[in-house]
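Reviewing the structure listed below.
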Amino acid sequence: MTKPSLLIISISILIYLLVEHTNRRVYKLLDEIEQRGNDLIDKTEERIRQLINDTIFQLNNQTREQINELIDQNKKYIPLQNPYGATTCTEWFGCHHGYCWAGCAGAFPSLTGPEWCYTKTSDEKIKCQNDKDCSGCWRCFSPCSV
């Protein structure tokens, strides 16, 4: 009876060792799978953050460009003549008969209504083809008209 018992014990020990070895390998493989999954999640999260940041940056730039374009389209200034040559900008200006003009404050603006003048950047009137070629911050070339 001892021989079969020894044989059974030996086989049982071998089976136990085989099961233990298999369990270790399975746990090691599961750890590797978990690590790869975590690495993939980390890389995916990093890429998503990068894409979100890029998208936000692009939207921010597009919004800034659109706002600046709207501001530029609607920005019109009026140069007010004064004895010291200082100017302020006006929102009332444009192109008239090929020359830039701007609204200005004449001698009696409240009595005479809106007045305007051709504008200059040096000693000559500024030529133009349309309103966007002009600026409301340029000085008057001539006195304000009535």
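Condition test on residue 59, is it modelled with pLDDT under 75, surrounded by 10 or more Cβ atoms within 10 Å (Cβ to Cβ) and part of a helix (DSSP H, G or I)?
For residue 59, the condition - modelled with pLDDT under 75, surrounded by 10 or more Cβ atoms within 10 Å (Cβ to Cβ) and part of a helix (DSSP H, G or I) - is not met.
If I filter the range 68-85 for residues that are modelled with pLDDT under 85 and basic (Lys, Arg), do I get at least one hit?
Step one: filter the range 68-85 for residues modelled with pLDDT under 85, giving 68-85.
Subset that is basic (Lys, Arg): 75-76.
Checked against the condition, which is being modelled with pLDDT under 85 and basic (Lys, Arg), the range 68-85 yields at least one hit.
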Check your understanding: Would you pick out the residues in the range 107-123 that are open to solvent by 100 Å² or more (accessible area, probe 1.4 Å) and either in a helix (DSSP H, G or I) or at pLDDT 85 or above (or both)?
Key -> 110, 111
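The values are calculated or read from the model by the stated rules, or taken from the named source; none is laboratory data. Model, not experiment: these values are computed from the prediction. Here Cβ is always computed from backbone atoms with ideal geometry, including for glycine, and neighbour counts include all displayed protein chains. The area values use the complete protein model at the heavy-atom level, side chains included, leaving out ligands, DNA and RNA. Shrake-Rupley method; radii C 1.70, N 1.55, O 1.52, S 1.80 Å.
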